[in-house]
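> Sharing a structure here in structure tokens format.
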Amino acid sequence: MLIGIKVGDTKTEADYLVKKLCNLRIFTDENDKMNLSLKDVGGELLIVSQFTLYGDCVSSGNRPSFTQAARPEIAEPIYEYFCEECEKNGINVQRGIFGADMKVSLINDGPVTIIIESKEK
């Protein structure tokens, strides 16, 4: 999963997202219905911090603005907290390297990509 941490995010938003992520029923059951959670299937997570998720490409010009992405000194502790809380929920977590230029590849199994935002404050 890719996680973007924006200006104003706190552990409260992380807690909400951990609960949602670990319990979201996005895996198919024996009837081919999305009815099982990450916990149900014994799934694991690779969590990669991705500040560019908050790139604003609409407001002006042709260069994305990243002013909505939290500064690293704020985002990294929240990222680490998020990973730790997923582990406390019984999920095996592998982490990307915060702030690193990583080459990440994935196989997207099916036409499902889900964006989860924290609740509005």
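> How many residues does the range 18-68 hold that are β-branched (Val, Ile, Thr), within 17 Å of the chain's Cα centre (by Cα) and within 21 Å of Arg95 (Cα to Cα)?
Within the range 18-68, residues that are β-branched (Val, Ile, Thr), within 17 Å of the chain's Cα centre (by Cα) and within 21 Å of Arg95 (Cα to Cα) number 4.
> Residues being within 21 Å of Glu76 (Cα to Cα), touching a strand residue (DSSP E or B) at 6+ places or on another chain (Cβ under 8 Å) and of a type in the set (Gly, Ala, Ser): count how many of those fall in the range 1-38.
1
> Hey, another quick one. With the structure loaded, tell me whether Ile74 is modelled with pLDDT of 95 or more and among the hydrophobic types (A, V, I, L, M, F, W, C) or whether it fails that test.
yes
> Can you list the strands (runs of 3 or more DSSP E) found entirely within the range 2-107 that contain at least 1 residues being without any contact (Cβ under 8 Å) to a residue 40 or more places away in the chain, exposed (fewer than 15 other Cβ atoms within 10 Å of the Cβ) and small (Gly, Ala, Ser)?
none
> Do you know which residues across the range 111-121 are without any contact (Cβ under 8 Å) to a residue 60 or more places away in the chain and exposed (fewer than 10 other Cβ atoms within 10 Å of the Cβ)?
Within the range 111-121, Pro111, Thr113, Ile115, Glu120 qualify.
This table checks each residue for (1) in contact with a helix residue (DSSP H, G or I) (Cβ under 9 Å, 6 or more places away or on another chain); (2) over 12 Å from Ile3 (Cα atoms); (3) among the small types (Gly, Ala, Ser); (4) at pLDDT below 95.
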| residue | (1), (2), (3), (4) |
| --- | --- |
| Val58 | no, yes, no, yes |
| Thr67 | yes, yes, no, yes |
| Glu80 | no, no, no, no |
| Lys88 | yes, yes, no, no |
| Ile97 | no, yes, no, yes |
| Asn108 | no, yes, no, yes |
| Ile116 | yes, no, no, yes |
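> All but one of (1) under 16 Å from Leu21 (Cβ atoms); (2) over 13 Å from the mean Cα position of the chain (by Cα) hold for Gln94, so report the exception by its number.
Result: Gln94 passes all but (2).
The values are calculated or read from the model by the stated rules, or taken from the named source; none is laboratory data. A quick note: this is a predicted structure, and the numbers were derived from the prediction, not measured. All Cβ positions, glycine included, derive from the backbone under ideal geometry; neighbour counts span all protein chains shown.
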